[in-house]
Amino acid sequence: MPNTSHTTWLEYCSRELKLATDLLSKRGYTLDPEQPHLSGERFLMQAVTTTSGQKLILFGTSHEGTRVVIKATRDQAGAHEIDHERKCRAFLTKIDFATTVFHTPPELAYFKQAGFTFTINAFIAQPSTFLERPLPQQFHFALTAFKAQEGAHATTFKHRARIRHIYSIREAADYLQSFTDFSHKIQHDIPTHRTVHTLIDDTAYRLSAKLERIEQYGSFLTHTDFVPHNFRITSDGTMYLLDFSSLVFGNKYEGWARFLNFMTLYHPALEQALVAYVRDNRTVEESEALHLMRLYRLGELIRYYAGTLEKSDGNLRTLNEARVQFWSDVLAAELQHQTISPETRTTYQTTRDTLRSQDEQKRQQGLH
């Protein structure tokens, strides 16, 4: 059975890329012959809890020779995401309770033409990927970034009134409702996976019993997709945030949770170092809040991969089934305040590397 979602995405990219190329050429931008962010599993990617739409993410060069990253879309939701991200970035530099401003790639152009919305930013070069850096450097940059986010705390009604028209504000009840939605979607997408359903039910009970703890650390700026492909670190140690559309005000450990769950797979030593930092330097209540947010984000991961199964076939479907199982294993361990075994991680990584397409392997190169 052909994968119609993949076919539809390829047709979309071919059509939109041709039109965008012509428009950009007239403005002095030349696109690279190969565009890795249009291939592989890119067609599956859809945000679960933040604004998202169809758009092209392109690499190119200006007529002056400057390397650039271009976002282009004719999709209404994609255009809204681009505009929302620009508002978030601009507003963050102005709010008086944000003690640290994130570095941002210079915006070189923003325009709408022929139904397209374009934003063009300077490409930020980095001497090495985040995961190639030594563990102490990784720890330093990650902790610095989390502390910077915590510096923006909407503590008063005035603050909340100023941010509400720009940023999403998540309260404890919102997290619980989102998790309920995850649960319903998981039951729909994988109706026979009773073990996963039980894990999700247990997690929902844990979250509902600890709403006060979740609310206790609310109203902080947090980046819901804070992982290495969304920031870059230059040779002088400056960290540039690439994605501003995932900034929200919510539990301050939501961004931590996304990062730590990512490192469970890619760098468990960094994961454990950051968990130990919170345990040793902050209150027991904060460690509990981090645990609760990790449970929440693991449920979101399982919901995401369960939702990809109907869009996948062949090796990709087998891989996504393995992803559902792997993240369920991680959730089961986290519910017990434990970590998965190295064997579980290695077995999954071997399966993933065997089943990934060549296009996806190429897309992943240098991503983290």
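Pairs only if they're at least six apart or on different chains, beta carbon under 7 angstrom, first in the stretch 52-65 and within 14 Å of Leu31 (Cβ to Cβ) and without any contact (Cβ under 8 Å) to a residue 60 or more places away in the chain, second of a type outside the set (Ser, Thr, Tyr) and assigned to a loop (DSSP other than H, G, I, E, B); list them, first residue then second.
Leu58/Gln35; Gly60/Asp32; Ser62/Gly28; His63/Gly28
Can you name every residue in the stretch 193-226 that is surrounded by fewer than 20 Cβ atoms within 10 Å (Cβ to Cβ) and either among the small types (Gly, Ala, Ser) or under 27 Å from Gln138 (Cβ atoms) (or both)?
Selection gives Ala204, Ser208, Ala209, Asp225.
Of these, Phe179, Phe139, which one is in contact with a helix residue (DSSP H, G or I) (Cβ under 6 Å, 6 or more places away or on another chain), under 30 Å from Pro106 (Cβ atoms) and at pLDDT 95 or above?
Going through Phe179, Phe139 in turn, just one is in contact with a helix residue (DSSP H, G or I) (Cβ under 6 Å, 6 or more places away or on another chain), under 30 Å from Pro106 (Cβ atoms) and at pLDDT 95 or above: Phe139.
Looking only at the stretch 244-295, how many residues end up being under 13 Å from Thr339 (Cα atoms) and not in a helix (DSSP H, G or I)?
The qualifying residues number 1.
Given (1) exposed (fewer than 15 other Cβ atoms within 10 Å of the Cβ); (2) touching a residue at least 12 places away in the same chain (Cβ under 8 Å), identify the lone condition not met by Gln358.
For Gln358, the failing item is (2).
Residues of the stretch 311-328 being farther than 16 Å from Tyr348 by Cα and either crowded, with 24+ Cβ neighbours inside 10 Å or touching a helix residue (DSSP H, G or I) at 6+ places or on another chain (Cβ under 7 Å) (or both), which ones?
Those that are farther than 16 Å from Tyr348 by Cα and either crowded, with 24+ Cβ neighbours inside 10 Å or touching a helix residue (DSSP H, G or I) at 6+ places or on another chain (Cβ under 7 Å) (or both): Lys311, Ser312.
The values are calculated or read from the model by the stated rules, or taken from the named source; none is laboratory data. Since the model is a prediction, treat every value here as computed from it, not as a measurement. Note: ideal-geometry Cβ built from the backbone for every residue, glycine included; neighbour counts use all protein chains shown.
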